[in-house]
Amino acid sequence: AIFPKEYKFRRDFLADIWIAQGYVEGPQEASMCFDALANRSFFQKASPQSVKYYVIHDLMHDTAQLVSKGECFFIKHASDLDKVPSNVRHLSIFTNGNVQCSELKSICNKKKLRTLICDESFSSAEDFEPVINCWFKELLKIRVLKFRVGKVRKLPESMGNSKHLRYFCLLGPSNFGTLPSTVC
């Protein structure tokens with residue numbers, strides 16, 4: 001429910017999220033669950049020749065959105081930032097560049113957030129680095145965090161606040177060589 005319709009995802013990415021959230025215990029159980037859902041047409045291959053990518057069936061996507069209303073939300077437009085439920089637990093951002101870095105700070109007040117996936121690319125590291133710092137300082141219950149690095153030169157020391165972080169993915173080439181010293 002946190003992905004837009006026709007979003008192509010890899011099987012292992014979804015399995016990693018399930019493990020990070022504690023829905024399954026390990027890769028083997030995640031694989032069995034994924035196979036069971038795929039056999040029931042919940043997931044389907046993105047294209048007949050696609051081996052790695054899947055999509056969720058449209059009807060299942062609509063059902064998932066309906067069932068998880070309030071807990072799962074995805075942002076398509078900058079105006080959706082005002083519509084994010086206060087008790088949201090799983091959030092993704094897919095606006096194709098229609099959101100400003102400064103607007104993303106509003107996510108920091110969603111204290112129950114467990115999943116944050118930001119598929120945006122920001123050209124200014126000076127604008128995005130404070131947002132990342134805010135996420136690590138304020139979203140203390142986050143378990144899954146995925147975002148595009150862009151031109152970020154350094155991850156903040158506040159990353160060490162994320163005691164529950166189980167899945168951390170940086171998209172794109174990174175301009176830094178090490179993680180902050182607070183991460184162990």
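The values are calculated or read from the model by the stated rules, or taken from the named source; none is laboratory data. The structure presented is a predicted model; accordingly, all values stated were derived computationally and were not measured. Note: ideal-geometry Cβ built from the backbone for every residue, glycine included; neighbour counts use all protein chains shown. Side chains are part of the model used for accessible areas, which takes the heavy atoms of the whole protein and leaves out ligands, DNA and RNA. Shrake-Rupley method; radii C 1.70, N 1.55, O 1.52, S 1.80 Å.
I need a count of the residues in the range 120-178 that are basic (Lys, Arg) and open to solvent by less than 50 Å² (accessible area, probe 1.4 Å). Result for the range 120-178: 1.
Kindly provide the set of residues from the range 78-128 that are closer than 24 Å to Tyr167 by Cα and of a type in the set (Gly, Ala, Ser), ordered by number. Passing the criteria: Ser86, Ser92, Ser106, Ser121, Ala125. Restricting Ser92, Ser79, Ser68 to residues that are of a type in the set (Ser, Thr, Tyr), under 30 Å from Glu126 (Cβ atoms) and modelled with pLDDT of 90 or more narrows the list to Ser92. Scanning the range 124-174 for residues that are out of contact with any Leu (no Cβ under 8 Å at 6 or more places or on another chain) and of a type in the set (Val, Ile, Thr) returns a single hit, Val152. Scanning the range 145-169 for residues that are of a type in the set (A, V, I, L, M, F, W, C) and farther than 27 Å from Val24 by Cβ yields Val149, Val152, Leu155. Every listed requirement among (1) touching an Asp or Glu at 6+ places or on another chain (Cβ under 9 Å); (2) assigned to a helix (DSSP H, G or I) is met by Glu129 save one, (1).
Taken together, the residues in the range 149-168 that are within 22 Å of Gln21 (Cβ to Cβ), free of Cβ contacts under 8 Å to residues at least 60 places away in the same chain and not in a loop (DSSP other than H, G, I, E, B) amount to 4.
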